[in-house]
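The values are calculated or read from the model by the stated rules, or taken from the named source; none is laboratory data. None of the values given here were measured: they were computed from a predicted structure. Positions of Cβ are backbone-derived with ideal geometry, glycine not excepted, and every protein chain shown enters the neighbour counts. The area values use the complete protein model at the heavy-atom level, side chains included, leaving out ligands, DNA and RNA. Shrake-Rupley method; radii C 1.70, N 1.55, O 1.52, S 1.80 Å.
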Amino acid sequence: IELTENRRQRAQWERDALEELRCGDVDTAFAAYRDNDRIVQAPTAIDVRRTMVADWWSHRLAGDTVAMTAYRRNDVDDLNGRARAYLVRSGDVSGPELVLAERPYQGGDQIVCLKNNRRLGVCNGSRATVDAVDPDRGTLTITLDDRRVLLPKDYLDEGNIAHGYATTIHKTQGATVDRGLVLGTDELF
């Protein structure tokens with residue numbers, strides 16, 4: 001089986017740059033992205049992250065589906081915290097709070113499940129929205145693929161969810177979005 005048509009990269013230069021990446025010519029691909037204003041640089045890593053999340057927010061407000069990705073889990077956690085701060089300020093995330101592994105979850109939060117559980121109907125990588133939080137019982141009710149699922153305390157206490165505003169590159173594979181924002185690090189090259 002061979003893919004013959006690219007539907008994800010809309011502009012020809014994007015398709016050409018992706019082919020250069022596949023062939024190992026990172027410098028040529030990188031130059032194409034830079035020449036088309038797709039590379040954001042800043043004096044510090046913190047400034048890059050601030051800019052990335054601000055871009056995520058502006059694309060989200062414009063109605064785009066946006067994926068923020070990073071190679072390292074700690075970078076993903078940082079980006080998620082920054083993104084969530086925008087949502088809390090805007091009121092998109094609110095209500096009772098449940099703290100799991102030092103991360104707060106409230107109604108409106110986007111999450112990603114990290115472990116398969118057939119009984120619950122969730123898979124590793126499933127994305128969902130938190131509908132309700134029951135801090136007394138330690139549970140979350142989520143909407144997943146147009147159905148509601150109650151995530152019980154034991155599933156949550158095992159660390160089986162994370163915020164889903166940013167994910168690892170691995171978790172994002174296969175996704176089609178309007179905008180993909182990748183935090184570049186030395187590990188990527």
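Surface composition of the chain: carbon and sulfur make up 46 percent of the accessible area, probe 1.4 Å. In percent, rounded to a whole number, the relative contact order of the stretch 67-189 is 34, using alpha-carbon pairs under 8 Å and six or more apart. A Förster distance of 25 Å, applied to the separation of the beta-carbon atoms of ASP35 and GLN9, puts the FRET efficiency at 0.95. Both the radius of gyration and Dmax for the stretch 84-186 are 13.8, 44 Å, in that order, over alpha-carbon atoms.
The stretch between VAL182 and LYS153, if pulled fully straight at 0.36 nm per residue, gains 7.2 nm over its current Cα-Cα span. Length available on full extension from ILE1 to LYS115: 0.36 nm per residue minus the Cα-Cα distance, which gives 38.0 nm. Annotation for ASP136 and ASN74: the two label points, set 7 Å from Cα along the Cα-Cβ direction, are 4.0 nm apart.
Taking all protein chains together and rolling a 1.4 Å probe, SER94 ends up with roughly 60 Å² accessible. When the alpha carbon gyration tensor of the chain is reduced to an equivalent ellipsoid, its three semi-axes come out at 33, 19, 15 angstrom, largest first.
Expressed to the nearest 5 percent, the antiparallel share of DSSP beta bridges inside the chain is 70 percent. Surface analysis of the stretch 3-108 yields an accessible area of 63 Å² per residue, using protein heavy atoms and a 1.4 Å probe. Rounded to the nearest 500, the 222 nm mean residue ellipticity of the chain from helices alone is -10500 deg cm²/dmol, with -39,500 (n - 2.57) taken per DSSP H run of at least 4 residues. What you get for the stretch 68-157, charging only the Cβ of Lys and Arg (+1) and of Asp and Glu (-1), is a dipole of about 280 debye around the Cα centre.
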